[in-house]
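**Student:** Please find one structure pasted underneath; my questions will follow.
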Amino acid sequence: MSQTAIQDRPTPAPVPPKGGLSGRSLPRWAPAGFAVVSIALGVGISVAAGWESRVQWGLISALLFLVISYIATSIVENKRQAKDRLATSIVWVCFILAVIPLFSLIWVTVSRGIKVLDTYFLTHSMAGVPGIEPGGGVYHAIIGTLEQVGLATLISVPIGLLTAIYLVEYGKGALARAVTFFVDVMTGIPSIVAGLFLLSIMLMFDLQPSGLMGALALAILMIPVVVRSTEEMLKLVPNELREASLALGVPKYRTITKVVIPTALGGITTGVMLAIARIAGETAPIILLVFGSQLINSNPFEGAQSSLPFYIWDQYKIGSEASYDRAWAAALVLIAFVMILNLVARGIARWKAPKTGR
């Protein structure tokens, strides 16, 4: 190509900077700016209208955020990007609306429960302490919760694990469909129904209230959760692992115990921990079957016991300022117990997760 032809070629137009308004693209800080403007407008409109509810302020601000994001993106960019940003904004708004009640609950529980939560509260019972007066502790309720939840776990985990193995590895035909149906039905059973079922058995055989009866009711509630979570984890194990083991002549029961279960152990443990966290806060079966006690009872097979949910209900029922403080402190202990279980489940799941090569 000659020098003259090269000089006659038109000079390309400069490419606008990426991410700026001149490039027909909103900057990265645009969502944050939309949020600030929306909150300011939402608060201003609510104050001008005389609305005192902060929930209304938040809903109006969220609606304005969606509208402003869509209109600004349509003007600066295009309709396609506006729809994409609208969908993203809806996801963020829904996430914030879901998180706000959670943080509000935690904040109220911590701020009100920290008043009496100390070493004395955790190491003493309510023996000899009038409910309307300060003092006393939650030690007897912690002992009851640990024993009742522990017994329910010992009962439900083997049954749930073996049932899930049957459904995934062996279950075919009408029996498997019937088991699946009843597991689904049991998942939605209210806790009071499980308590009434065990209460009828107690009345028929003249049994006394004890932690064991409460543990049996909790086990009924826990079994379907364990079955469902374990079943889903076993289904995630690749069939190639089973086929490789069987091709080497390994019996099916050893394939299940040595290959399938170890591969899914992390997810199974997480499901069991979530099931434990689910039953740890049940109150109705404990009221019906354990009756509650102000004394320390370390024997779950004889005599009435207390538990953290029952303790919270009992203290709040008294109605004094001191009992309210004890109820909130016990609620904080229960939340900490559930949180620790979830952290343990996450740690075990990460520890037992299958190792992948680079």
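The values are calculated or read from the model by the stated rules, or taken from the named source; none is laboratory data. None of these values were measured; they are calculated from a predicted model. Neighbour counts run over all protein chains shown; Cβ positions are idealised from the backbone, glycine included.
**Student:** Looking at the stretch 325-354, which of the residues that are free of Cβ contacts under 8 Å to residues at least 40 places away in the same chain and closer than 20 Å to Gly281 by Cβ is farthest from the chain's Cα centre (by Cα)?
**Tutor:** Initial filter on the stretch 325-354 (free of Cβ contacts under 8 Å to residues at least 40 places away in the same chain): 327, 336, 339-340, 343, 347.
Those left that are additionally closer than 20 Å to Gly281 by Cβ: 327, 336, 339-340, 343.
Numbers: Ala327: 22, Ala336: 13, Met339: 9, Ile340: 12, Leu343: 11 Å.
That would be Ala327.
**Student:** Looking at the stretch 90-101, I want the residues that are without any contact (Cβ under 8 Å) to a residue 40 or more places away in the chain and have a partner that is surrounded by 10 or more Cβ atoms within 10 Å (Cβ to Cβ) with Cβ atoms under 6 Å, at least 6 apart or on another chain. Which pairs are those?
**Tutor:** Val93/Ala62
**Student:** Out of the stretch 168-215, which residues are assigned to a helix (DSSP H, G or I), closer than 18 Å to Gln148 by Cβ and either of a type in the set (Gly, Ala, Ser) or outside the structural domain of Phe301 (by TED's automatic domain parsing) (or both)?
**Tutor:** Answer for the stretch 168-215, where residues must be assigned to a helix (DSSP H, G or I), closer than 18 Å to Gln148 by Cβ and either of a type in the set (Gly, Ala, Ser) or outside the structural domain of Phe301 (by TED's automatic domain parsing) (or both): Ser191, Ala194, Gly195, Gly211, Gly214, Ala215.
**Student:** Can Ile165 be described as outside any loop (DSSP other than H, G, I, E, B) and of a type in the set (Val, Ile, Thr)? Write out each step before concluding.
**Tutor:** Details: outside any loop (DSSP other than H, G, I, E, B): yes; of a type in the set (Val, Ile, Thr): yes.
Judged against the criteria, Ile165 is a match.
**Student:** Still on this model: So Thr257 clears everything in (1) surrounded by fewer than 17 Cβ atoms within 10 Å (Cβ to Cβ); (2) not in a helix (DSSP H, G or I); (3) not acidic (Asp, Glu) except one condition, right? Which one?
**Tutor:** (2)
**Student:** Only one of Ile287, Ile279, Ile268 is under 26 Å from the mean Cα position of the chain (by Cα) and within 15 Å of Ala219 (Cβ to Cβ); which? Outline the logic, then answer.
**Tutor:** On the way: Ile287 fails: within 15 Å of Ala219 (Cβ to Cβ); Ile268 fails: within 15 Å of Ala219 (Cβ to Cβ).
Among Ile287, Ile279, Ile268, only Ile279 is under 26 Å from the mean Cα position of the chain (by Cα) and within 15 Å of Ala219 (Cβ to Cβ).
**Student:** While we're looking at this one, here's another question. Name every residue in the stretch 63-84 that is within 13 Å of Ile45 (Cα to Cα) and either crowded, with 16+ Cβ neighbours inside 10 Å or in contact (Cβ under 8 Å) with a residue 40 or more places away in the chain (or both), in order of residue number.
**Tutor:** Here is the first cut: in the stretch 63-84, the ones within 13 Å of Ile45 (Cα to Cα) are 63-64.
The answer is Leu64, and nothing else.
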